[in-house]
1. What FRET efficiency, computed as 1/(1 + (r/R0)^6) with R0 = 41 Å and r the Cβ-Cβ distance, is obtained for R63 and R324, rounded to the nearest 0.05?
2. Could you check the spin-label model distance between E349 and A289? Points 7 Å from the Cα along Cα→Cβ, value in nm.
3. May I ask for the net charge around A189, where only other residues with Cβ less than 15 Å from the Cβ of A189 are counted and Lys, Arg are +1 while Asp, Glu are -1?
4. Tell me, what is the percent relative contact order of segment 1-130, built from C-alpha pairs under 8 Å that lie six or more residues apart?
5. Could you work out the relative contact order of the chain? I mean the mean sequence separation of Cα pairs under 8 Å and 6+ apart, divided by the number of residues, in percent.
6. For the residue pair E372 and Q116, what label-to-label distance in nm results when each label sits 7 Å from Cα along the Cα-to-beta-carbon direction?
7. Summing +1 for each Lys or Arg and -1 for each Asp or Glu, what net charge is found among the other residues whose Cβ lies under 12 Å from the Cβ of W84?
8. Using a Förster distance of 56 angstrom, determine the FRET efficiency expected from the C-beta separation of Q16 and E380, and round it to 0.05.
Amino acid sequence: MRTITIFDTTLRDGEQSPGVNLSPREKVEIAIQLERLGVNVIEAGFAASSAGDMQAVREIASRVKNASVCSLSRSVKGDIDQAWEALRAAESPYLHLFLATSPIHREYKLRMSREQVIERVREAIRYAKRLFPIVEFSCEDAGRTEIDFLAEVVREAIKAGAGVINLPDTVGYLTPNEYAQMFMNVRKAVPEVEQVRLSAHCHDDLGMAVANSLAAIEAGVDQVECTINGIGERAGNAALEEIALAIKTREQYYQLQTTLNLREIHRTSRMVSKLTGMMVPGNKAVVGANAFAHESGIHQDGMLKNRETYEIMRPETVGLTESRLVLGKHSGRHAFRDKLLQLGYELNEEQLNQLFIRFKELADRKKDVADEDIVALVEEKMSDA
Ligand code: KIV
Ligand code: ZN
């Protein structure tokens, strides 16, 4: 079994979601829940970016014992020093350095030549390695970087002491095949990468962040960077819960595993949604309110006979108690009878038939028929009799 390292960046890239601002206390609360969930690395923030983030990273570093605690840092000494200040008390301090490598970023944002980029990468990693046991280096916008230059940066970063190399699709541009190919090309051009951990970091601008992360795993990557509920810059990051369940549902086939305690997924999702104010859409995979809800009669009938007809994973796996059979206009007699029994009503065939007609009339007018509606129908029927 290959164990995939889960690097959670809810508190850093996730907090970069427009409109989200977590207080240090809220960040600590989420970090403790992430530790309970069993993630391996918690990117707690960007210590040099604000006094609040410095405080949050420091507090998380002193509280979390069972995960590495990480700060993002630009490739400059001042940021590295501040990250160390925040993380020195951590059980396992982890630095995440980055510098953009793509031509568009080099020319317009950094105004640096290829040689200058290489020199800055070397200097920053060497400096950071004097303080931190683990240094990850990210080639920002790797997905749009020329492959020969990307390989050169990766080679130099490893030589300077980086233990983790992250190749992000910063702008969410690549398809799964293209992203996997990038990793394969780098592995071929730089045999030294086999001595370090390769990491994937995907954004969801074209809706492919999770698919790209899985393609990277298939291409030999051992770490994925992701956020709870997929929150993050613009369209967000790869959703942790989706990657986790994609791995779980095919763990035997691919011989993959994580250290996650999946039963904590739902609780973590709700906490992050509440504290960030970012609603989880009902149809969101794994954690949406409808992810384990079945409305059509055919599906409900199948579910009542064998849950595997329409469920590839159990709600209990992610910490929910049960699937929901939602009664609506597509529901059938079988689910209706089941609901009546749950509510304590055992009707004969004729009563059931009559009530089912009334239920269908009601369901045509109302999107979801709640338990109270069913009770009202039965009571009304009984007082008619
Ligand atoms: O998307 C990105 O490139 C990042 C880096 C800082 C790793 O978030
Ligand atoms: Zn990112």
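1. 0.70
2. 3.9 nm
3. Net local charge, A189 excluded: -2.
4. In percent, rounded to a whole number, it is 19.
5. Computed over the chain, the figure is 14 percent.
6. According to this spin-label approximation, the distance is 6.6 nm.
7. Here the charged neighbours net out to +2.
8. The calculated FRET efficiency here is 0.55.
All of the numbers you see were taken from the coordinates with simple rules; none came from a lab. Owing to the predicted nature of the structure, the values given are computational and were not obtained by experimental measurement. Every residue, glycine as well, gets a Cβ built from its backbone with ideal geometry; the counts of neighbours run over all protein chains shown.
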